[in-house]
Ligand code: ADP
Ligand code: MG
């Protein structure tokens with residue numbers, strides 16, 4: 001039965017955008033369709049191992065590209081998992097990703113215009129084919145189903161679905177090219193694009209090509225266009241930067257190059273390979289509760305799951321990548337993963353490697369590191385709170401402005417310790433909404449006067465994080481907003497003497513303010529201002545209090 005369906009309103013808007021804003025990268029439509037075919041085969045291959053009832057074992061997995069010059073079409077076929085009728089309507093007619101609204105907002109605010117590569121973050125892979133298509137036809141049959149489905153759209157706001165005959169399971173996506181996009185029928189052009197973007201795809205991507213022998217006899221041969229080597233198993237020296245970057249885009253569904261690539265093999269008790277990436281920008285949904293993170297998990301080149309959260313601590317949830325273990329069983333389930341010592345060891349290893357890499361970047365490329373901290377510093381910091389064994393290591397990765405840094409300069413805790421005055425015993429910091437706000441705080445007057453450096457922390461969670469941290473390399477962290485602080489012995493005595501002298505005066509002020517304040521004390525924290533309110537040593541920081549109040553606590 002045939003039916004015509006309206007695209008979800010957002011999809012309609014999205015289609016126009018895709019068609020109009022990605023124009024400089026039209027060729028990537030082929031990468032996106034190949035990437036989907038490869039994902040579909042991953043799923044079928046996994047089924048073939050875990051469920052013997054479907055006779056998938058022994059399938060020769062393959063992606064085939066068929067250009068047709070007479071019809072002006074290019075077809076990408078796979079023998080992957082396929083789509084049921086319902087799935088075709090759902091997957092191809094709506095935006096599955098939760099970011100639709102954010103995406104539309106990003107477009108409206110002009111962000112996308114300036115950075116068209118952002119579009120890739122929103123999962124528009126399939127729709128990118130509308131950049132070059134007058135019409136897209138998908139014919140698919142899902143593994144285990146009797147009937148096939150035909151989905152078709154000319155990007156006019158509607159699509160049609162109908163039953164279809166298809167012999168084998170899998171999917172054929174046929175793109176009817178616009179008149180001036182015929183270059184994508186060219187054998188040469190197709191080969192070039194596959195090599196450039198999809199060389200590492202694990203399944204053969206083939207095409208029938210005409211060959212001529214020396215006697216002029218013509219014949220058609222099926223040629224494999226990609227080298228197919230699982231990139232993470234290759235030797236580092238054999239991999240170009242472009243290959244690393246393209247692979248990143250394939251697994252992350254991002255259109256931007258990563259900030260940093262981490263590729264290593266672990267040998268010994270746990271054998272595994274990991275190819276991990278630090279993206280160059282945070283996805284819009286990284287602070288959402290249901291944000292999916294963790295590398296894809298492979299066991300001997302077979303993909304077991306997309307996101308293995310058991311392999312990555314949440315404070316490194318921005319890391320994308322692949323982990324391939326040769327020690328885990330192929331039918332490993334979520335339950336097994338959750339209490340598996342091998343998994344625990346891999347996670348530990350990965351965490352260590354990522355933190356080491358960050359340290360290296362911090363030491364060698366401050367521009368890159370600033371970018372990293374800007375995008376992900378807030379998330380990394382969570383580790384100080386949640387990963388007790390590594391809190392000092394993570395704290396060592398933080399960079400910040402202080403009362404003494406230049407506007408474009410940041411230092412870390414080690415540098416702070418180095419700068420400390422001989423008689424200084426503690427590390428001082430102030431929390432607030434922004435550097436501009438805190439730098440003029442009256443609480444800093446005395447520190448400036450005594451030439452003692454104070455760190456500026458401006459993330460909402462900083463007060464909580466610094467309380468958990470408590471100390472760094474044996475030096476106590478102290479908020480200048482809280483409790484009593486004596487910068488040296490002399491100062492301490494002076495205060496005590498003055499307190500005795502002025503006891504009567506203080507008591508009478510206390511009387512006046514009864515019920516409004518807890519205590520009235522002589523303070524040496526001020527230089528120019530006559531008086532200030534301070535928070536008790538063990539009380540909450542004002543910024544934290546504001547935050548909790550705003551959350552309804
Ligand atoms: P993404 O790949 O990021 O999920 P796409 O827009 O590229 O987003 O694809 C949307 C969805 O359509 C996929 O998630 C998948 O469910 C389905 N799909 C696309 N191409 C295929 C295919 N060749 N075989 C099976 N399903 C497919
Ligand atoms: Mg895709």
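The values are calculated or read from the model by the stated rules, or taken from the named source; none is laboratory data. Quick caveat: nothing in here was measured; it's all calculated off a predicted structure. Every residue, glycine among them, receives a Cβ derived from its backbone with ideal geometry; neighbour counts consider all protein chains shown.
Structure above, values below:
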read-out: Selected residue (only one of 34, 49, 76 is outside any loop (DSSP other than H, G, I, E, B) and away from ligand 1 (no atom under 16 Å from the Cβ)); value: 49
read-out: Any hit, segment 61-72, residues being in a strand (DSSP E or B) and within 16 Å of ligand 2 (Cβ to nearest atom); value: yes
read-out: Within segment 255-315, strands (runs of 3 or more DSSP E) holding 2 or more residues that are crowded, with 17+ Cβ neighbours inside 10 Å and touching a residue at least 60 places away in the same chain (Cβ under 8 Å); value: 260-266, 272-278, 302-305
read-out: From the options 421, 391, residue that is crowded, with 18+ Cβ neighbours inside 10 Å and either out of contact with any strand residue (DSSP E or B) (no Cβ under 7 Å at 6 or more places or on another chain) or not in a helix (DSSP H, G or I) (or both); value: 391
read-out: Unique match (being surrounded by fewer than 18 Cβ atoms within 10 Å (Cβ to Cβ) and under 21 Å from residue 49 (Cβ atoms)) among 346, 336; value: 336
read-out: Any hit, segment 397-411, residues being assigned to a helix (DSSP H, G or I), modelled with pLDDT under 95 and surrounded by fewer than 15 Cβ atoms within 10 Å (Cβ to Cβ); value: no
read-out: Residue 204, sole failed condition from (1) at pLDDT 90 or above; (2) within 16 Å of ligand 2 (Cβ to nearest atom); value: (2)
read-out: Strands (runs of 3 or more DSSP E) within segment 151-215 that include 1 or more residues more than 36 Å from the chain's Cα centre (by Cα) and free of Cβ contacts under 8 Å to residues at least 40 places away in the same chain; value: 158-164, 205-212
read-out: Pairs with Cβ under 7 Å, 6+ apart, first in segment 26-42 and in contact (Cβ under 8 Å) with a residue 40 or more places away in the chain, second within 9 Å of ligand 2 (Cβ to nearest atom) and assigned to a loop (DSSP other than H, G, I, E, B); value: 32/125; 35/125; 36/125
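Yes or no, residue by residue, for (1) over 30 Å from residue 420 (Cβ atoms); (2) modelled with pLDDT under 75; (3) surrounded by 12 or more Cβ atoms within 10 Å (Cβ to Cβ):
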{"residue": "467", "(1), (2), (3)": "no, no, yes"}
{"residue": "472", "(1), (2), (3)": "no, no, yes"}
{"residue": "485", "(1), (2), (3)": "no, yes, yes"}
{"residue": "510", "(1), (2), (3)": "yes, no, yes"}
